[in-house]
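Peer 1: My structure is below; once you've seen it, I'll send some questions.
The values are calculated or read from the model by the stated rules, or taken from the named source; none is laboratory data. The structure presented is a predicted model; accordingly, all values stated were derived computationally and were not measured. Cβ placement follows ideal geometry from the backbone for every residue including glycine, while neighbour counts extend to all protein chains displayed.
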Amino acid sequence: MDLVNNLAQGFGVALTFQNIGLCFLGCMIGTLIGVLPGVGPIATIAMLLPITFGLPPVGALIMLAGIYYGAQYGGSTTAILVNIPGEATAVVTTLDGHQMAKQGRAGTALGVAALGSFFAGTVATLFIAAMGEPLTKLAQLFGPAEYFSLMVMGLVFSTVLAQGSVYKAILMVLLGLLLSTIGTDLETGQERITMGIQNLSDGLDFTPLAMGIFGFAEILRNLDTPEARDVVRSAIGRLLPSMAEIKQCIPPVLRGTFIGGLLGILPGNGAVLGPFASYTVEKKIAKDPSRFGKGAIEGVAGPESANNAGAQTAFIPLLTLGIPPNAVMALMVGAMTIHGIIPGPQVMTKNPDLFWGMIASMWLGNAMLVIINLPLIGIWVKLLKVPYRMMFPAILIFCCIGIYSVNNAMEDVLSTAFFTFVGYLLIKFGYEPAPMLLGFVLGKLMEEKFRQAMILSRGSFMTFVERPVSAVLLAIAFGLLIIAALPSMRKKREEVFAE
Amino acid sequence: MKRLLGAVIGCVVFALPAFAQNYPTRPISMIVPFAAGGPTDIIARIVAEPMSRILGQQVIVENVAGAGGTTGITRGAGAKPDGYAIMMGHMGTHGVAPALFPNLKYNPATDFTPIGLAAGTPIIIVAKKNHPATNLKEFLAWAAKEGNKANQAYAGNASVSHTTGILLGTMMPGASPTLVPYTGTGPALNDLVSGQVDFMTDQIVNVVEQIRGGNIKAFAIATPQRSPALPDLPTTKEAGLPQYEVSAWNAVFGPKGLPADVTAKLQDALNKALDDPNSKKRFDDLGGVVPGPDGRGGPALQKLVESELARWVPAIKAATGKK
């Protein structure tokens with residue numbers, strides 16, 4: 001009954017008039033700023049951090065958490081509407097979400113994303129409250145070797161993202177891996193492939209790359225096929241998903257919540273894998289995988305739930321251990337420290353109000369998001385009616401402002417322009433950008449973990465198979481690879497494509 | 001939004017003739033060369049708030065992260081010396097950088113107007129919780145015995161845990177720990193807590209709660225006095241390694257050639273901000289050490305930068321084999 005008491009205490013804190021207001025305000029601001037293409041949760045929180053200084057610590061953190069969920073959700077909105085992922089976890093949403101928007105089902109996609117996220121958020125909140133501590137211990141089993149094997153598994157998944165040729169998808173993953181090696185070498189401090197450009201010394205940023213390759217390139221492509229322009233505008237369709245569609249989404253949402261929540265617990269940004277893994281699973285078990293990439297509703301519902309579940313459970317290492325698993329959580333640590341609470345393993349016992357209040361506010365924040373976003377869907381969808389000659393310049397301008405504001409750097413805007421042309425060429429030659437972005441995101445983590453594991457094992461590759469968790473993950477990856485490579489299976493696949 | 005508003009107001013006011021005695025007439029931007037949320041950022045935000053009140057103009061923290069802090073400082077060094085662009089320099093950017101960045105575009109000792117030391121965060125030597133040693137002497141003996149079998153974590157190239165870790169290595173007789181790089185304090189600490197690595201050095205604010213919670217153990221704090229935040233932890237002097245005395249100091253600099261009256265105004269505001277009871281409490285919370293009267297002001301800071309350069313650059317170059 002501890003759980004009930006604790007949650008009651010948490011809701012007691014979160015449901016004060018002031019904290020409800022702050023939670024709402026945070027979600028609202030987060031949504032509005034997060035909808036600016038290119039401005040993801042990290043940039044939003046960093047920008048808005050100062051406005052919480054005057055607030056009491058619990059209220060400030062509740063508001064920041066609200067900004068985080070809001071910005072996260074805003075990123076999915078841009079992914080669906082204009083094919084621009086706000087951050088790595090929204091990349092998968094562009095695949096089917098934007099296709100749905102093109103078919104006039106933007107409202108359905110946004111609605112499913114909101115409802116799926118709410119469900120995932122609710123489950124994840126209970127999960128954190130009930131299992132936070134034991135799960136932290138479990139996550140501690142993951143050392144560098146286990147991580148590396150997990151990333152290998154993720155890369156094998158990535159080939160499934162491909163809608164066309166698997167061969168081309170593998171090439172794109174490799175290109176993504178290569179791009180991720182740009183920057184300062186982790187161990188020696190030497191610059192790699194930076195060509196003397198100081199801006200590249202910390203590697204390529206995800207935002208300019210993703211915006212250039214996805215959003216801007218998509219705009220360019222739209223410009224050279226005039227007949228395609230009317231597709232989005234032609235039919236708007238219904239604003240909210242129908243009962244039948246909701247029913248269709250229940251299993252993917254459940255699976256997505258489970259996968260995303262589990263991966264989110266891992267320190268070291270395991271959450272990025274969540275949506276990719278969920279998409280892979282949905283596509284693999286679908287009766288007709290060929291629908292994926294052409295507006296399959298499961299391809300939005302699953303990954304969006306995984307995304308949100310992961311975003312919540314990423315709080316676990318922070319709240320129970322005081323260690324931030326990713327950049328957003330590192331900002332939350334900073335915010336807590338500024339408010340005089342240095343996060344550590346004792347937050348739960350020393351600041352129970354803060355701990356349980358935060359957890360209760362997670363659920364509250366998710367509820368707020370639904371309340372804020374369902375009415376907004378109508379407005380977002382109407383935006384699609386805006387003629388392209390007005391919408392494209394507006395998107396470009398907002399994107400450029402967004403990109404600039406992340407690092408206050410002109411160079412980021414220029415590199416977006418560069419990747420726009422790269423993205424355009426890739427589309428023209430039939431290469432899909434999603435596997436490349438996955439390679440890019442995983443590449444950084446993979447290299448880091450690989451080198452740490454190799455240093456710790458003093459150069460012995462056996463470390464990856466000697467450690468049981470790592471060995472199991474590698475075995476799964478290997479198994480998947482074999483299935484993908486078996487000629488008979490592949491033939492079947494092609495038949496499916498041909499239908 | 002605030003920043004945008006500030007910029008708009010700034011542009012309007014900028015059109016008026018600006019005399020130094022009226023300084024400041026528009027918001028001042030303080031470049032923090034690290035990401036928001038880290039120790040330097042927190043210290044900058046703690047002083048920026050009272051400084052804004054004292055100066056009557058907003059002091060806006062602008063995070064320009066990258067290349068161990070040198071990207072932001074390079075930008076700050078090139079700013080117009082009118083007092084509207086200042087920066088929070090750091091032990092790394094102004095003491096160690098020349099040893100790790102051969103193409104550094106600024107000279108820490110000559111390209112800046114020193115305004116004053118803000119606060120330092122002491123360094124602590126920490127180890128995984130089931131480490132066999134119980135005190136610093138035993139730890140040094142363990143490190144000497146293990147040789148390169150010992151694993152030392154650090155938070156990436158040019159980070160505080162990197163440079164202070166290398167310095168510790170040069171002072172441990174017979175030890176040659178294997179350095180394991182991470183991409184930040186969080187991941188490094190995570191693997192220390194789970195016992196993947198043996199030990200590391202880091203700023204008190206990053207490790208204090210993990211020590212209190214018993215997730216890791218601490219051997220010594222590298223300051224002359226014990227910290228009120230961890231009163232039971234001996235200093236390196238008490239524990240038998242007196243030469244290891246380091247603190248990650250943070251200090252406010254302007255670009256070279258700041259007018260004397262502007263510098264004086266900023267110095268005055270900084271000193272008052274450090275004495276503000278509210279900031280004092282915040283520094284205490286995070287184990288930060290505010291300089292006494294003789295450690296403050298421009299000349300003291302200039303002296304500190306020069307002595308730090310003299311101490312760090314040869315030591316780090318020798319240890320990393322760079323020339």
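Peer 1: Filter the range A:181-231 down to the residues that are assigned to a helix (DSSP H, G or I) and among the basic types (Lys, Arg), then identify the one that is modelled with the lowest pLDDT. Spell out how you get there, then give the answer.
Peer 2: Taking the range A:181-231 and keeping what is assigned to a helix (DSSP H, G or I), we get A:198-202, A:206-224, A:226-231.
Then drop every residue that is not among the basic types (Lys, Arg), which leaves A:221, A:229.
Working: A:Arg221: 82, A:Arg229: 46.
Per the criteria, the residue is A:Arg229.
Peer 1: Taking B:Pro122, is it over 19 Å from the mean Cα position of the chain (by Cα), surrounded by 24 or more Cβ atoms within 10 Å (Cβ to Cβ) and within 24 Å of B:Leu286 (Cα to Cα)? Give the steps one after another, and end with the answer.
Peer 2: Working: over 19 Å from the mean Cα position of the chain (by Cα): no; surrounded by 24 or more Cβ atoms within 10 Å (Cβ to Cβ): yes; within 24 Å of B:Leu286 (Cα to Cα): yes.
Answer is no for this residue.
Peer 1: So, in the range A:162-186, exactly how many residues are within 14 Å of another protein chain (Cβ to nearest Cβ), buried (at least 16 other Cβ atoms within 10 Å of the Cβ) and at negative phi?
Peer 2: 4
Peer 1: Mind listing whichever residues of the range A:112-160 are touching a Lys or Arg at 6+ places or on another chain (Cβ under 9 Å), more than 14 Å from chain B (Cβ to nearest Cβ) and surrounded by fewer than 24 Cβ atoms within 10 Å (Cβ to Cβ)?
Peer 2: A:Val160 - this is the single residue of the range A:112-160 that is touching a Lys or Arg at 6+ places or on another chain (Cβ under 9 Å), more than 14 Å from chain B (Cβ to nearest Cβ) and surrounded by fewer than 24 Cβ atoms within 10 Å (Cβ to Cβ).
Peer 1: How many of the residues in the range B:157-178 are within 14 Å of chain A (Cβ to nearest Cβ), farther than 16 Å from B:His90 by Cα and in a loop (DSSP other than H, G, I, E, B)?
Peer 2: Here the count works out to 2.
Peer 1: If you don't mind, another one. Only one of (1) within 25 Å of A:Thr416 (Cα to Cα); (2) not in a helix (DSSP H, G or I); (3) not hydroxyl-bearing (Ser, Thr, Tyr) fails for A:Leu141. Which number is that?
Peer 2: Just one mismatch for A:Leu141, condition (1).
Peer 1: Just to be sure before I move on: is A:Ser201 within 28 Å of A:Val281 (Cβ to Cβ) and either surrounded by 20 or more Cβ atoms within 10 Å (Cβ to Cβ) or within 14 Å of another protein chain (Cβ to nearest Cβ) (or both) in the structure I sent? Show your work before the answer.
Peer 2: Working: within 28 Å of A:Val281 (Cβ to Cβ): no; either surrounded by 20 or more Cβ atoms within 10 Å (Cβ to Cβ) or within 14 Å of another protein chain (Cβ to nearest Cβ) (or both): yes.
In short, no.
Peer 1: Which of the residues belonging to the range B:92-107 are without any contact (Cβ under 8 Å) to a residue 24 or more places away in the chain and either in a helix (DSSP H, G or I) or not assigned by TED's automatic domain parsing to the domain that holds B:Ala77 (or both)? So that I can check it myself, show each step before the final result.
Peer 2: Residues of the range B:92-107 that are without any contact (Cβ under 8 Å) to a residue 24 or more places away in the chain, as a first pass: B:103, B:107.
Those that are without any contact (Cβ under 8 Å) to a residue 24 or more places away in the chain and either in a helix (DSSP H, G or I) or not assigned by TED's automatic domain parsing to the domain that holds B:Ala77 (or both): none in the range B:92-107.
Peer 1: List the residue pairs whose Cβ atoms are under 7 Å apart, where the first residue sits in the range A:246-265 and is closer than 20 Å to A:Thr108 by Cβ, the second is among the β-branched types (Val, Ile, Thr), and the two are 6 or more positions apart or on different chains.
Peer 2: A:Gln248/A:Ile297; A:Cys249/A:Val112; A:Cys249/A:Ile297; A:Arg255/A:Val281; A:Thr257/A:Val123
Peer 1: Just to verify a result, which residue in the range A:444-457, among those that are charged (D, E, K, R) and under 11 Å from B:Val180 (Cα atoms), is farthest from the other protein chains (Cβ to nearest Cβ)?
Peer 2: Narrowing the range A:444-457 to residues charged (D, E, K, R): A:444, A:447-449, A:451.
Restricting the remaining residues to those that are under 11 Å from B:Val180 (Cα atoms) gives A:448-449, A:451.
Details: A:Glu448: 6, A:Lys449: 9, A:Arg451: 7 Å.
Looking at residues that are charged (D, E, K, R) and under 11 Å from B:Val180 (Cα atoms), I get A:Lys449.
Peer 1: Could you list, in sequence order, the residues of the range A:289-304 that are part of a loop (DSSP other than H, G, I, E, B) and at negative phi? Break it down stepwise before answering.
Peer 2: Within the range A:289-304, the first condition is being part of a loop (DSSP other than H, G, I, E, B), and the residues that meet it are A:292-297.
Correct list: A:Phe292, A:Lys294, A:Ala296, A:Ile297.
Peer 1: Something else now. Output the residues belonging to the range A:328-345 that are facing chain B (nearest Cβ under 8 Å), touching a residue at least 24 places away in the same chain (Cβ under 8 Å) and not in a helix (DSSP H, G or I). Lay out the reasoning, then the answer.
Peer 2: Residues of the range A:328-345 that are facing chain B (nearest Cβ under 8 Å), as a first pass: A:329-335, A:337-338, A:340, A:342-345.
Of the ones still in play, those that are also touching a residue at least 24 places away in the same chain (Cβ under 8 Å) are A:331-332, A:334-335, A:338, A:340, A:343, A:345.
Passing the criteria: A:Gly340, A:Pro343, A:Pro345.
Peer 1: Check off (1) assigned to a helix (DSSP H, G or I); (2) surrounded by 23 or more Cβ atoms within 10 Å (Cβ to Cβ); (3) of a type outside the set (Ser, Thr, Tyr) for B:Asp202 and give me the number that stays unchecked.
Peer 2: With (1) assigned to a helix (DSSP H, G or I); (2) surrounded by 23 or more Cβ atoms within 10 Å (Cβ to Cβ); (3) of a type outside the set (Ser, Thr, Tyr) applied to B:Asp202, the lone miss is (1).
Peer 1: State which residue is farthest from the other protein chains (Cβ to nearest Cβ) when the search covers only the range B:24-37 and only residues that are without any contact (Cβ under 8 Å) to a residue 40 or more places away in the chain and within 22 Å of B:Gly287 (Cβ to Cβ).
Peer 2: Of the residues in the range B:24-37, the ones without any contact (Cβ under 8 Å) to a residue 40 or more places away in the chain are B:25, B:35-37.
Now drop any that are not within 22 Å of B:Gly287 (Cβ to Cβ), which leaves B:35-37.
Numbers: B:Ala35: 7, B:Ala36: 4, B:Gly37: 2 Å.
Across the range B:24-37, the extreme among qualifying residues is B:Ala35.
Peer 1: What number of residues in the range A:360-380 are farther than 14 Å from A:Gly21 by Cβ and β-branched (Val, Ile, Thr)?
Peer 2: Result for the range A:360-380: 3.
Peer 1: Quick one: which helices (runs of 4 or more DSSP H) lie wholly within the range B:226-323 and hold at least 2 residues that are more than 14 Å from chain A (Cβ to nearest Cβ) and crowded, with 18+ Cβ neighbours inside 10 Å? Please lay out each step first, then the result.
Peer 2: On the way: elements: B:236-239, B:260-275, B:277-285, B:297-320.
By residue number, B:236-239, B:260-275, B:297-320.
Peer 1: Follow-up question, since we're still on this one. Mind listing whichever residues of the range B:285-317 are within 16 Å of the chain's Cα centre (by Cα) and on the phi > 0 side of the Ramachandran plot?
Peer 2: Result: B:Gly287, single match.
Peer 1: Of these, B:Pro181, B:Pro187, which one is facing chain A (nearest Cβ under 7 Å), surrounded by 24 or more Cβ atoms within 10 Å (Cβ to Cβ) and more than 17 Å from the chain's Cα centre (by Cα)?
Peer 2: Numbers: B:Pro181 fails: surrounded by 24 or more Cβ atoms within 10 Å (Cβ to Cβ).
Only one candidate qualifies: B:Pro187.
Peer 1: Looking at the structure I just gave you, is A:Val406 farther than 30 Å from A:Pro144 by Cβ and surrounded by fewer than 23 Cβ atoms within 10 Å (Cβ to Cβ)?
Peer 2: Working: farther than 30 Å from A:Pro144 by Cβ: no; surrounded by fewer than 23 Cβ atoms within 10 Å (Cβ to Cβ): yes.
Taking the combined requirement at face value, the residue does not satisfy it.
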